[in-house]
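Taking it in order: structure first as structure tokens, then the write-up.
The values are calculated or read from the model by the stated rules, or taken from the named source; none is laboratory data. Worth saying up front: this structure is predicted, and the values here are computed from it rather than measured. Using ideal geometry, Cβ is built from the backbone for each residue, glycine included, and neighbour counts are taken over all protein chains shown. Side chains included, ligands, DNA and RNA excluded: accessible areas come from the protein's heavy atoms. Shrake-Rupley method; radii C 1.70, N 1.55, O 1.52, S 1.80 Å.
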Amino acid sequence: MTAEFTTPTASAGRPLPRKARAISADLLAVTTAARAAMVDRLDADGVLTDPLLRDALLRVRRELLLPHAYVRVSKPGIEPIEWRLLDGAHPDDQDEWLDLVHGADSVLLQRDGEPLDSLGRGRLSGGHMTSMSTYTPLTAEALQALQLTPGVRYLDLGTGPAVSLAYAAVITGPGYATGIERDRHMAAFARRNLERLGVGATVVAGDALEGHAAGAPYDLVHSGIGVPCLPAAWVEQLAPGGRLLTTVTTRTPSWPGQMLVTRTPAGRAEAVLTGSPRGYRPLHGYAWLTPVDHRSRIAASPGRPRPTRLTPPPDDAYGFWLAAAYLAPGLVRDFQAETMTIVAPEEDSWAVADPDGTTVRVHGARDVWADLEDIHTRWVRAGRPGAFQVDVPKDGGTQHIASGTGPDALKWVLPASSAAPRQPA
């Protein structure tokens, strides 16, 4: 038995057109219930507050945008990686696939930039993920921060499978939402799936760092990629009164920032950078620091103990950790360690905090914990800031960060290039 899916009228009073698609009536009921359960979880966690976005989350059929999913079979650190590809159209994969599509985690979609029109299900070996969907709570937080409304011009940078773009298009209305995707295979994949969804969004193949000047100016700009600094093209393409949100990625995946930019009627960009528990991944090849290669050595020899005046700072002291990423550069936290472990991998140094908070073990030429002690003292003196002002010059020059204007303010500059640093080919 099959049923034609008909979309109800959108909350803004416009019909939400979709291509007719004959599917199992049972599957339609299951996916509708799965979307509702996903929204209920976001509600219960306090993530979802915007009724327009809530309506979009209920209406957008994620299974059309994410028709397959990779599952990692091998454990972290083992190469080549072993994968299992789930095909949403295959009865044996359907339950697990639907759970992934409507769960809170990212959905893995593409290995090594592969074409996406003829993937074969089952076990696969090798390769690394080059595209995935966004972590759903982060998508909700980002779109709510932008304050989407009907009829605004919206640009989605690094749109990937276009999940965020689809939600935005439902709210803005057909013809107002555009996505930019660098990978031509992913761009074609997203374009094809959006056509089936029928929300009136456009996907253009291009470099997200350059934005999309042909459709500018935009009222809202959302970046689905992390950047070390704000690209000048993004600011130039933002309309007066417009808002832009991006992850500012640091060299450690543990300590990202979120930058919210508004453009005044006079054309000046005003920006605030806040510490954040999560953010979007940076461009492919970005040189993140990692503690993985030091784990076995740290476990075997944690270091010499010494007293400390710094109790391990809480995980939610986001402003402190963001400041540490810049003012004590070269550090990365190992979140898989039993106690707080901070590594300077390029200097072969580390610090392991004892649970009692009075002793720390340090190893190497750099006293990693002493750097954190110093930054924490300065952070407290500055008033424990969680947000920092960003000076965005009109000429695209150096972007300065400051917690305030007084002598105790924390200050630093962002890297000059929005695309660096990168791993060597």
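Would you calculate the volume per residue, in Å³, of the smallest convex hull containing every Cα atom of region 34-134?
Measuring per residue, one finds 117 Å³ for the Cα hull of region 34-134.
How high is the relative contact order of region 48-172, in percent, with contacts defined as C-alpha pairs under 8 Å that are six or more residues apart?
Normalised by residue count, the contact order of region 48-172 is 28 percent.
When all protein chains stay in place, what accessible area (Å², nearest 10, 1.4 Å probe) is found for T405?
Accessible area of T405: about 140 Å².
Defining a contact as two alpha carbons under 8 Å apart and six or more residues distant in sequence, what relative contact order in percent does the chain show?
10
What does DSSP give for the chain in terms of the percent of beta bridges that are antiparallel, rounded to the nearest 5?
Counting DSSP beta bridges with both partners in the chain, the antiparallel share is about 75 percent.
From the Cα gyration tensor of region 123-276, with a ≥ b ≥ c the square roots of its eigenvalues, which class applies: rounded if a/c is under 1.5, or else prolate if a/b is larger than b/c, or else oblate?
oblate
Roughly what angle does helix 136-146 make with the longest principal axis of the chain, taking Cα atoms, 0 to 90 degrees, to the nearest 10?
Here the helix axis deviates by roughly 90 degrees.
Give me the distance between the Cα centres of region 37-64 and region 267-329, rounded to whole Å.
After rounding, the separation between the Cα centres reads 31 Å.
Let's see if you can work this out: charge +1 on each Lys and Arg Cβ, -1 on each Asp and Glu Cβ, no other charges. What is the dipole magnitude of region 305-425 about its Cα centre, in debye to the nearest 20?
Here the size comes out at about 340 debye.
Can you pull out the chymotrypsin sites (Phe, Trp or Tyr not before Pro) in region 81-161 whose DSSP state is coil and whose Cβ has at most 14 other Cβ atoms within 10 Å?
For chymotrypsin sites (Phe, Trp or Tyr not before Pro) across region 81-161 that sit outside H, G, I, E and B with at most 14 neighbouring Cβ atoms in 10 Å, the list is empty.
Based solely on its DSSP helices, what 222 nm [θ] is calculated for the chain when runs of n ≥ 4 H residues each add -39,500 (n - 2.57) and the sum is averaged over all residues, nearest 500 deg cm²/dmol?
For the chain, the value works out to -7500 deg cm²/dmol.
Starting from the coordinates of the alpha-carbon atoms of region 178-257, obtain the Kirkwood hydrodynamic radius over all distinct pairs and give the value in Å to one decimal.
By the Kirkwood definition, the hydrodynamic radius is 13.8 Å.
Quick one: work out Rg over Rh on the C-alpha atoms of region 212-331, Rh as Kirkwood radius.
Computed over Cα atoms, the ratio is 1.11.
Going from most exposed to least, what order do T159, T130 have by accessible area with a 1.4 Å probe?
Sorted by accessible area, descending: T130, T159.
Would you please classify the overall shape of region 300-374 from the alpha carbon gyration tensor, given that a ≥ b ≥ c denote the square roots of the eigenvalues, rounded means a/c under 1.5, and beyond that prolate means a/b larger than b/c while oblate covers the rest?
rounded
Say each of F335 and R84 gets a label point 7 Å from the Cα, pointing the same way as Cα to Cβ; how far apart are those two points in nm?
For F335 paired with R84, the spin-label model returns 2.5 nm.
Suppose accessible area is computed on protein heavy atoms with a 1.4 Å probe; arrange T398, T262, T247, T49 from highest to lowest.
T49, T398, T262, T247
Leaving out ligands, DNA and RNA but keeping every protein chain, what accessible area does W412 have, in Å² rounded to the nearest 10, with a 1.4 Å probe?
Counting only protein heavy atoms, the figure is 20 Å².
Taking R0 as 45 Å, what's the FRET efficiency between E346 and L27 from their Cβ-Cβ distance, rounded to 0.05?
0.35
When the scattering of the chain is computed by the Debye formula from its Cα atoms alone, each counted once and equally, what is log10 I(q)/I(0) at q = 0.13 Å⁻¹?
Here the Debye-derived log intensity ratios amount to -1.20.
With +1 assigned to the C-beta of every Lys and Arg and -1 to the C-beta of every Asp and Glu, and no other charges, what is the dipole magnitude of the chain about the Cα centre in debye, to the nearest 20?
With Lys and Arg at +1 and Asp and Glu at -1, about 580 debye.
Tell me the relative contact order for region 18-104 as a rounded percent, counting alpha carbon contacts under 8 Å between residues six or more apart.
26
Just the ratio, please: alpha-carbon radius of gyration of region 81-212 over 2.2 N^0.38 Å, N its number of residues.
That works out to 1.08 for region 81-212.
With the dipole of region 247-306 worked out from charges on the C-beta (+1 for Lys and Arg, -1 for Asp and Glu) around the Cα centre, which of H284, W255, A300 lies farthest toward the positive end?
Comparing the listed Cα positions along the dipole, A300 ranks first.
For K75 and A37, what is the calculated FRET efficiency with R₀ set at 22 Å and r taken between the beta-carbons, to the nearest 0.05?
E between K75 and A37, to the nearest 0.05, is 0.15.
Rank these residues by their accessible area, most exposed first, probe 1.4 Å: M340, M132.
In descending accessible area the options line up as M132, M340.
Tell me, what is the 1.4 Å probe accessible area of H212, in Å² to the nearest 10?
40
Given Cβ point charges of +1 (Lys, Arg) and -1 (Asp, Glu) and nothing else, what value in debye, to the nearest 20, does the dipole of region 103-189 about its Cα centre take?
100
Which Rg and Dmax, in Å, describe the Cα atoms of region 242-300?
Looking at region 242-300, its Cα Rg and Dmax stand at 16.4, 59 Å.
Take every Cα-Cα pair in region 276-425 and report what % of them are more than 25 Å apart.
Across region 276-425, Cα pairs with separations above 25 Å total 35 percent.
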